[in-house]
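**Student:** Structure incoming, see below.
Read-outs: derived from the displayed coordinates by stated rules, not from any lab. Keep in mind that what you see is a predicted model, and the values were worked out from it rather than measured. Every residue, glycine among them, receives a Cβ derived from its backbone with ideal geometry; neighbour counts consider all protein chains shown.
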Amino acid sequence: MSSPLAIALALLVAVPAALVQFGAVHVPVELGTLFFGLAVVGAAFAMSWAAEAAEHDIPRALALSVVALLAVFPEYAVDIVFAVKAGQDPAYAPYAAANMTGSNRLLLGLGWPTVSVLAWWVSGQRVLRLGRDAGLPLFFLGVATIYSFSLPLRGSIGIVDCVVLVGIFLVYAVLASREESSEPELVGPAATIGALGQTARRLSITALFAFAGAAIGLAAEPFAAGLVQTGKALGIDEFLLVQWLAPLASEAPEFLIAALLAVRGKAGAAIGLMLSAKLNQWTLLVGSLPLAYSVGAGHLAALPLDARQSAEVLLTAAQSLFGIAVLASMSLSLTESCLLAALFVAQLVLGGVLRAGLHNAEGGEVELIGFSIVYVFFSLFFLYQARRLVRLLLRNGRAKKPPGDNLYSHV
């Protein structure tokens, strides 16, 4: 597909949602939810292309963070809508946590393995080597992950958590901004936009950002509400729709960008993008939830986590720890990727079956805790294997290869 056609499609898919939202046409809630979901997808693509094209003038490490942040902004919008609604109606609290945990687990369980498999399929690479700049987000992701284990213990995500998690990201962003800049690795429509002259490029980027912001503002709230209504109308567990379908829709562009980079022989950059996205979501997204909840409640308050949601957060933290452990050797092998994917799919299938069978009954969190233990066990094993490089990460906040030391070899 040509770049102009791809951009045109991203803009046009928002038209049906606008017609429904402004009352020009009336459709069933299921179809309306589809239209609003497509508008979110189109906005996500537009925002991703614009953010990538803007990489020319900022350091690469910061560029990866900015691209990842803006690429998942639609996910933020949907989740914040659920959090605001939760402040007004406690029944929505599980949906806010579900959307956040689903999006985070998708990145590691589906995104990272996809890049690895594509790199192997295209070039025969069984082990992907991460660049030195990946050490910075990996270190801060580790800090955020260790802190996140306290959330299920307290059964809530509060204002203090917001300050800590957002603070972690801001420190990372400041350090990343000091990295040396390099030419961005653009693909598809982003490459077309990036090749324009400075004035045309900036106008195009501004226009795409404006469109994406308008589309997300238009579609995020009805899409979030429509998922819940659609689940009830079709007899589908609405919790599962919110946890998996919404993140798939809003993060599709990010997955596609990473896949294109991997296919074009730039798997290292693809993993860097996915790593930055994980850091963004595990800090800013989680940290924004209590603020959004407080807006809905009308006063400062913590987003409550029931037993099920506490277990969901625990599982997400454990998976994050496993992802860090896997990358602690500054590499990602095909075997490790398959293990990441296998654990994710096994929990997804078993969890979905159990939840549908239990119909939200108490006790479903036992399966989540069981998988959390498995993730922690594998994490400790991989961290021990990469213990020498882990010590460097803890000491320096980034990975550097000492002369004569083969720390970057795959264990």
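**Student:** Have a look at the stretch 236-358 and give its Rg and Dmax from the Cα atoms, expressed in angstrom.
**Tutor:** Values for the stretch 236-358 (Cα only, Rg and Dmax): 16.7, 50 Å.
**Student:** Each label point is 7 Å from the Cα along the Cα-to-Cβ direction; what then is the distance between the points at LEU380 and LEU350, in nm?
**Tutor:** Inter-label distance under the simple model: 1.9 nm.
**Student:** What ranking do SER331, SER177 get, fewest neighbouring Cβ atoms within 10 angstrom at the top? Kindly include the intermediate steps, with their values, before the conclusion.
**Tutor:** Numbers: SER331 19, SER177 15.
Ascending number of Cβ neighbours within 10 Å: SER177, SER331.
**Student:** Based only on other Cβ atoms within 10 Å, what is the fewest-to-most ordering of THR145, THR114, THR206?
**Tutor:** On the way: THR145 23, THR114 18, THR206 12.
In increasing order of surrounding Cβ atoms, one gets THR206, THR114, THR145.
**Student:** On to the next question. Only loop residues by DSSP count here, and only those with at most 16 other Cβ atoms within 10 Å; note down the trypsin sites (Lys or Arg not before Pro) in the stretch 121-155 that meet that. Mind dumping the intermediate values first?
**Tutor:** Values: sites: ARG126, ARG129, ARG132, ARG154; in loops: ARG126.
Sites meeting the loop and neighbour criteria: ARG126.
**Student:** Give me the distance in nm between label points sitting 7 Å out from Cα along the Cα-to-Cβ direction at VAL166 and ALA207, one decimal.
**Tutor:** For the pair VAL166/ALA207, the computed spacing is 3.4 nm.
**Student:** Please say if the stretch 90-201 is rounded, prolate or oblate, where rounded means a/c under 1.5 for a ≥ b ≥ c the square roots of the C-alpha gyration tensor eigenvalues, and otherwise the choice is prolate for a/b larger than b/c and oblate otherwise? Walk me through the numbers on the way to the answer.
**Tutor:** Values: a/c = 1.79, a/b = 1.53, b/c = 1.17.
The shape class here is prolate.
**Student:** Please give, to one decimal in nm, the separation of the simple spin-label points placed at LEU31 and ASP306, each 7 Å out from Cα toward the Cβ.
**Tutor:** Here the answer is 3.4 nm between the modelled labels.
**Student:** Working only with C-alpha atoms, what are the Rg and Dmax values of the stretch 3-396, expressed in angstrom?
**Tutor:** Looking at the stretch 3-396, its Cα Rg and Dmax stand at 20.1, 63 Å.
**Student:** Expressed as a whole number of Å, what is the distance separating the alpha-carbon centroids of the stretch 76-132 and the stretch 143-172?
**Tutor:** Taking the Cα centre of the stretch 76-132 as reference, the centre of the stretch 143-172 is 17 Å away.
**Student:** Also, quick follow-up: Give me LYS278, LYS85 ranked fewest to most by other Cβ atoms within 10 Å of their Cβ, as a rough exposure proxy. If you can, show how the numbers build up before the last one.
**Tutor:** Details: LYS278 26, LYS85 22.
Listing LYS278, LYS85 from fewest to most nearby Cβ atoms yields LYS85, LYS278.
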